[in-house]
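First the structure, in the form of structure tokens, and then the observations on it.
We did not get these values from a lab; they are worked out from the coordinates using the rules stated. What you see is a predicted model, and the numbers here were worked out from it, not measured in a lab. Positions of Cβ are generated from backbone atoms using ideal geometry, with glycine treated the same way; all protein chains shown enter the neighbour counts.
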């Protein structure tokens, strides 16, 4: 699962990416009450698959929120992608989940 970022992003090096590719990681704390998600942005999927480094952008790419398994569900990776999409959207960045 990944994010297709459909908004233009400018890297810290000044390169403009008309679209880009995001990989999301998620961790739950030991009591399972919170999820921590982070996202790395790549030029495109091929760059990720080739092992290239993520690009540096001036966006908030983390999300830490309460988690309730009974309410939110058990697929924390899916939840993390939704939350990361919300985090990006709050910064004016459009993205969609790539299942």
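Compared with the alpha-carbon gap, the fully stretched path from residue 45 to residue 91 is longer by 14.3 nm at 0.36 nm per residue.
Based on the Cβ-Cβ distance of residue 75 and residue 8, what FRET efficiency does E = 1/(1 + (r/R0)^6) give at R0 = 30 Å, to the nearest 0.05?
On the way: r = 30 Å, r/R0 = 1.01.
According to the calculation, E is roughly 0.50.
When only alpha carbons are used to place a centre, the range 65-82 and the range 1-34 end up 17 Å from one another. Estimated at 0.36 nm per residue, the fully extended path between residue 33 and residue 15 surpasses their Cα-Cα distance by 2.6 nm. As a ratio to 2.2 N^0.38 Å, the alpha-carbon radius of gyration for the chain is 1.09. Relative contact order, whole percent, for the chain stands at 33, derived from Cα pairs under 8 Å and 6 or more residues apart. Against the main long axis of the alpha-carbon atoms of the chain, helix 76-89 sits at an angle near 50°.
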